[in-house]
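*Asks:* So that we are looking at the same thing, I have put the structure below in structure tokens.
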Amino acid sequence: MPFGMKSVIVAGLLALFSLVQSATAQSYDGFEQGREVTGERAVLEFRDRIAPENDMTRDRLENLLPALMDETDLDMWLVINREYAEDPVYFTLVPQPAFAARRTTILVFHRTEDAFEMLTVNRYPLGAPYEAAWEGGDLDAQWEALAALIAEKDPERIGINVSSHWPVADGLTHGLHEKLASVLPTRLERRLVSAEDLVIRWIETRSDKEMEAYGHIVGLARSVISEAFSSKVITPGVTTTDDVAWYIRQRFEDLNLAPWFNPYVNVQRPGLACEADQAFCGVEGVIQRGDVIHTDVGICYLKLCTDTQEMGYIAHIGESDVPEGLKAAMAVGNRWQDHHTGAFGMVKTGNQVLADTRAQCDAENYICSVYTHPLGFFGHAPGPTIGMWDDQDGTPVRGDWPVYPNTCYAIEGNVKAEVPEWGDQHVQIKLEQDACFDGETVDYLAGRQTVWHVGK
């Protein structure tokens, strides 16, 4: 699923994001935050995205990063990159447009009790909000300048991006690590520590400015799903699941929205077994009347990513409504969501949220599976892993990360419910809706699906 912009133009853009989030609010069987999201939604041209992206980036750097460095007890943070082998966090830290690091690009963040500095040691300066501590020489001079800068600042704990368990926090390459160690005197080399905790907190935490736009971004994905599951796209007996998947993919392409994975579509129907112990139910092929359809899509826009799964139904001729058994199954899925989001809480780890959710499912005899993950700059972002589809007993290390406020998640999982109209065959309700935790409650960024998409 998501700066300090002073200009009237950018303020107007952010206001636009709020205005275009118009959607029809619906509630089914008492479930809150149900919403249908339909219709065209605003998407900025490429050149117009630079200003809000840079505003959000600068806001994060100036207002969020110093606090996180204090929280994780780092006096200095080094992010060292080479062209086309950039650290995964690099593009979250630099202003746009930026397609790559230039030669060797070194970012230095230095915190004291009285000041916070954002410095570069680069052949080519980055410009605001960074101040160039050195520029213009050869590679050897660049590394000498970095060593001199570190010696001058004399930090006690110097964070570098090395990690055994978190790929996003392991961006310092072996060669660069060796070079850094070789140019530092022993007393400073000994102060190098993993910046793992800082990287995770930086990537997972959302700012107020990002939250202003995030709901709109999620709504873009949801509106395309609604369109793809309609009679505008699907002709029963003719259209295939692959056709619908390609329609979604093409719509994102037309809107200049980058996917972070390619969408896929499948169907369930009477006669296609969906066993209680089956991981995933559904097949590909021609879509027929009476089919349940499902898709999974993910896009990134204004540096923030989404991950959404929704369900649809293709009505029989003369059928005016979704079968009651399918409505009831959707309600089970929504109740699972309520149990799951209700399990979120400060100090809890991802594994604890998983255990509490599963305990609620067991108490109500639901056949459920939980695999919720953080969202933000990445679709599968760092932060607390809350179940894996193939492991419901807890995830070591990543599942032990605590839930922090101002973090966002793909609330992802599935339930199975018997459908009387299908001879009590199971249907698998696969839901994934993007939401954020504010420290007390979980709120869906663009509502959630509580009623079926219906194609006629």
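*Asks:* Taking the range 365-419 on its own, how many of its residues are crowded, with 19+ Cβ neighbours inside 10 Å, part of a loop (DSSP other than H, G, I, E, B) and β-branched (Val, Ile, Thr)?
*Replies:* 3
*Asks:* Let me confirm something: among Leu172, Leu146, which residue is surrounded by 14 or more Cβ atoms within 10 Å (Cβ to Cβ), closer than 19 Å to Trp202 by Cα and either at pLDDT 95 or above or under 34 Å from the mean Cα position of the chain (by Cα) (or both)?
*Replies:* Leu172
*Asks:* Determine which single condition Phe17 fails, assuming it passes every other condition in (1) surrounded by fewer than 19 Cβ atoms within 10 Å (Cβ to Cβ); (2) part of a helix (DSSP H, G or I); (3) at pLDDT below 50.
*Replies:* Only one criterion in (1) surrounded by fewer than 19 Cβ atoms within 10 Å (Cβ to Cβ); (2) part of a helix (DSSP H, G or I); (3) at pLDDT below 50 is unmet by Phe17, namely (1).
*Asks:* Within 25 Å of Gly39 (Cα to Cα) and among the β-branched types (Val, Ile, Thr): is that true of Val322 in this structure?
*Replies:* yes
*Asks:* Same structure again: When you go through Ala132, Ala141 one by one, which is the residue that is in a helix (DSSP H, G or I) and over 22 Å from Arg190 (Cα atoms)?
*Replies:* Values: Ala132 fails: in a helix (DSSP H, G or I).
Result: Ala141 is the single residue among Ala132, Ala141 that is in a helix (DSSP H, G or I) and over 22 Å from Arg190 (Cα atoms).
*Asks:* Additional query: Tell me, yes or no, whether the range 422-429 has at least one residue that is assigned by TED's automatic domain parsing to the domain that holds Gly312, under 19 Å from Phe378 (Cα atoms) and surrounded by fewer than 20 Cβ atoms within 10 Å (Cβ to Cβ).
*Replies:* Scanning the range 422-429 turns up no residue that is assigned by TED's automatic domain parsing to the domain that holds Gly312, under 19 Å from Phe378 (Cα atoms) and surrounded by fewer than 20 Cβ atoms within 10 Å (Cβ to Cβ).
*Asks:* Going through Thr205, Thr241, Thr173, Thr186 one at a time, which residue ends up being closer than 30 Å to Tyr366 by Cα and not aliphatic (A, V, I, L, M)?
*Replies:* Criteria check complete, one pass: Thr241.
*Asks:* Pick from the range 210-228 the residues that are more than 16 Å from Arg448 (Cβ to Cβ) and more than 16 Å from the chain's Cα centre (by Cα): which of them is surrounded by the fewest Cβ atoms within 10 Å (Cβ to Cβ)?
*Replies:* Among those residues, the one meeting the criterion is Glu227.
*Asks:* Report, by residue number, each residue of the range 430-450 that is crowded, with 20+ Cβ neighbours inside 10 Å and part of a loop (DSSP other than H, G, I, E, B).
*Replies:* Scanning the range 430-450 gives Ala446, Gln449, Thr450.
*Asks:* Sticking with this one: Is there a residue being assigned by TED's automatic domain parsing to the domain that holds Leu304, surrounded by 13 or more Cβ atoms within 10 Å (Cβ to Cβ) and within 27 Å of Tyr444 (Cα to Cα) anywhere in the range 272-280?
*Replies:* No; the residues of the range 272-280 include none that is assigned by TED's automatic domain parsing to the domain that holds Leu304, surrounded by 13 or more Cβ atoms within 10 Å (Cβ to Cβ) and within 27 Å of Tyr444 (Cα to Cα).
*Asks:* Also, I was wondering about something else. Against the conditions (1) under 30 Å from Phe46 (Cβ atoms); (2) surrounded by fewer than 24 Cβ atoms within 10 Å (Cβ to Cβ); (3) among the charged types (D, E, K, R), where does Asp307 fall short? Just the number, please.
*Replies:* All conditions pass for Asp307, except number (2).
The values are calculated or read from the model by the stated rules, or taken from the named source; none is laboratory data. Quick caveat: nothing in here was measured; it's all calculated off a predicted structure. Positions of Cβ are generated from backbone atoms using ideal geometry, with glycine treated the same way; all protein chains shown enter the neighbour counts.
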